[in-house]
């Protein structure tokens, strides 16, 4: 679709004030519905569908219902929209169930394949614990440390630090529910001089606080050429790594078009490995990107690339690419495999 048909004022991307222009952020979600009543005839006739159309599923961010919402709530979740979310569902993002299997004190040993994925339990050796049931950054609420940041109640209210025992309210919840603003502390660690709450390198702005679980995209962000050697199916994770390690980007806090800034979760390119990115996110990679390094980092060290960080960055599910070629024309996706072919 042309960007002008999606942008709220009908502007083209050439009219954006920058590559992070907030007026070019959209939120996308879809739903599926069916008639309320289906009658089956014993003589083998075709089913008869009747009654009002009832929403039976929805999709915004990938894997929300599959990996985040528990079994007993999945049908209820599917019947809702981003505009009438149940606040009780926030808890599944504040304390993600997958986080239990990335914690050796809980069920970490139950899933050996998750062994490289471990969440910060003592970030910066300051006791900042993002494990389930702990407080994350909440101990800093109301302090001078968060004054003037997005964590300041005077800026965004209590959205990001609502209460104790909600450790992922500062990273997973906004990624799924509001998008990420170009505002401290949600800027990359480059230029922060060791203080994760300081202003750093501008990186992403797909902040759209209206509504709930939607796939958000800033359409002003430049597209990474698929044929570029810098293209990566790790999306935003790859862009963050480049900003922190590539001299082309890590020597300045200026806004730059870093390859893969257009990747998931800033939109979703077909090639993006959303499963791997979301597992890395649950394991705290977004926290690390803004300077809340892993437990094996010694505060003050010049190099934050520790073994724990490398373990998360290099984690793989074993699926590195699609097993069928994408098409050159809309809808671009490869035709799915037929179950009878196996």
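The values are calculated or read from the model by the stated rules, or taken from the named source; none is laboratory data. On a predicted model such as this, the values are computed, not experimentally measured, just so you know. Neighbour counts are summed over all protein chains in view; Cβ atoms, including those assigned to glycine, are modelled from backbone coordinates with ideal geometry.
Worth pointing out:
- Of all residue pairs spaced 6 or more apart or on separate chains, those with beta-carbon atoms under 7 Å, a first member in segment 300-312 that is in contact (Cβ under 8 Å) with a residue 12 or more places away in the chain and a second member that is buried (at least 16 other Cβ atoms within 10 Å of the Cβ) and not in a loop (DSSP other than H, G, I, E, B) are 309/288; 312/280; 312/285.
- Residues that are in a loop (DSSP other than H, G, I, E, B) and touching a strand residue (DSSP E or B) at 6+ places or on another chain (Cβ under 9 Å), drawn from segment 282-296: 284, 290, 291, 292, 293, 294, 295
- Any hit, segment 256-270, residues being at pLDDT 95 or above and over 19 Å from the mean Cα position of the chain (by Cα): yes
- Selection from segment 1-41 of residues that are part of a helix (DSSP H, G or I) and out of contact with any strand residue (DSSP E or B) (no Cβ under 7 Å at 6 or more places or on another chain): 3, 4, 5, 13, 14, 15, 22, 23
- Residue in segment 129-141 that is surrounded by fewer than 13 Cβ atoms within 10 Å (Cβ to Cβ) and either part of a loop (DSSP other than H, G, I, E, B) or touching a residue at least 40 places away in the same chain (Cβ under 8 Å) (or both) present: no
- Any hit, segment 306-328, residues being in a loop (DSSP other than H, G, I, E, B) and in contact with a strand residue (DSSP E or B) (Cβ under 9 Å, 6 or more places away or on another chain): no
- Taking segment 80-113 as the range and being surrounded by 14 or more Cβ atoms within 10 Å (Cβ to Cβ), free of Cβ contacts under 8 Å to residues at least 60 places away in the same chain and outside any loop (DSSP other than H, G, I, E, B) as the test, the residues that pass are 89, 92, 97, 100, 101, 108.
- Residue pairs whose Cβ atoms lie under 6 Å apart, sitting 6 or more positions apart in sequence or on different chains, and linking a residue in segment 6-20 that is at positive phi to a partner that is not in a loop (DSSP other than H, G, I, E, B), are 10/4.
- Residue among 211, 191 that is part of a loop (DSSP other than H, G, I, E, B), touching a strand residue (DSSP E or B) at 6+ places or on another chain (Cβ under 7 Å) and closer than 24 Å to residue 260 by Cβ: 191
- Residue list for segment 142-188, restricted to those being more than 25 Å from residue 236 (Cα to Cα) and in a loop (DSSP other than H, G, I, E, B): 142, 143, 147, 148, 152, 157, 158, 162, 163, 164, 165
- Filtered residues of segment 265-281 (kept if more than 22 Å from residue 101 (Cβ to Cβ), in contact (Cβ under 8 Å) with a residue 60 or more places away in the chain and out of contact with any strand residue (DSSP E or B) (no Cβ under 7 Å at 6 or more places or on another chain)): 270
- Condition check for residue 44: at positive phi and outside any strand (DSSP E or B): yes
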